[in-house]
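Undergrad: Structure provided below as structure tokens; questions to follow.
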Amino acid sequence: MAADAAEAVELRGALVRLRRATGLPVAFGGLVEPGRQHVRISELNGTATAALSALAVSSGNGLGGKAVALARPCAVTDYSASRQISHEYDIAVATEGLCSVVAVPVVVRRRVRGVLYGALRTAQPLGDRTLGAAVAAARDVEQALVVRDEAQGLLAVAQRPGSAAEPAAWEEVREAHGALRALAPRIVDPALRAELLEACGLLAGAAAPAHGLGRRTGAGAAARTVALAPREVDVLACVATGVTNAGVAERLGLRPETVKGYLRSAMRKLGAHTRLEAVVAARRAGLLP
């Protein structure tokens, strides 16, 4: 899935969740266009017109631009009459018939990447519950962007010529691979979750040449025929970074006994007698980087 298409899916899902959680009739938003200083409104949910579609919101202008400039949520009870914001976009807002509006920036690594809006067609204060739900929806998008950025960065390292000869780089890849495997089950959007797991698989596959996996002999050949359950791979990915069973349980949101069960099962399938042997066999099988 192309990055822009995947981001649109995540943004669309966040707007649906925002409306469901708050009861607001309208939600919309967009991301900062690459190389530009404005947010392009690309996703609309509950709107009656196309007035807001493709609107470019510059930093500092209007409610959304204020949220971008301050990197924090902003809200007004009566958009057209508010003295707290500038009014470059009044025509579009009035055409859609919006009054009370909240704008929440999507901030990734201290950089604003987009804005989510929720709105009422009447002039009434938006309560803390509504503001909290809008912030939660923005956090979902932030998490998705962080995950995608991390996965793309790791793939770049893994696929870089000569990376097999850089142990420090591979340790970084392995550490992040475990973190991404642990995060994947918590991703709300199924398309993004599948994309993340696919990236994890590519990372594991990219490591194969570095470990001499072309020789199908001994334990390595046996390991190649093993199919581990997703949670077994998750557990081994954490174990591979030196995390204890208790730490694995905390990271994956499982009980320690459950972690031990997955680990025993994976060791049995891989023909391993220790945690280290299981990690080595999983790497030979191309299941871990």
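No value in this document is a laboratory result; all are computed from the given coordinates. Because the structure is predicted, anything quoted here is derived from the model rather than measured. All Cβ positions, even for glycine, are placed from backbone atoms using ideal geometry, and neighbour counts span all protein chains on display.
Undergrad: Using a basic spin-label model with each label point 7 Å from the Cα along Cα→Cβ, how many nm lie between E33 and A56?
TA: Output for this residue pair reads 0.5 nm.
Undergrad: A follow-up question, please. I'd like the Karplus ³J(HN,Hα) series for region 128-142: coefficients 6.51, -1.76, 1.60, θ = phi - 60°, whole numbers in Hz, and an x wherever there's a Gly or Pro.
TA: Per-residue couplings from phi come out as 4, 4, 5, 5, x, 5, 5, 5, 4, 5, 5, 4, 4, 5, 4 Hz.
Undergrad: Further, regarding this structure: Please report, to two decimal places, log10 I(q)/I(0) for region 3-141 at q = 0.18, 0.19, 0.21 Å⁻¹ as given by the Debye formula with identical point scatterers on the Cα atoms and no solvent.
TA: Those come out to -0.93, -1.05, -1.35, one per q.
Undergrad: List every residue whose amide H lies under 5 Å from the amide H of L24, counting only residues 5 or more places away in sequence or on a different chain, with H placed 1.01 Å from N in the peptide plane.
TA: The list, which skips near neighbours in sequence, is empty: none.
Undergrad: Pull up all non-local amide H partners of G114: gap of 5 or more, or a different chain, and H-to-H distance under 5 Å with H placed in the peptide plane.
TA: The list, which skips near neighbours in sequence, is V32, V106.
Undergrad: Quick one: net charge of L44's neighbours, Cβ under 10 Å, K/R +1, D/E -1?
TA: -1
Undergrad: Could I ask something else about it? Quick one: order H38, H177 by neighbouring beta-carbon count within 10 Å, fewest to most.
TA: Taking fewest neighbouring Cβ atoms as first place, the list is H38, H177.
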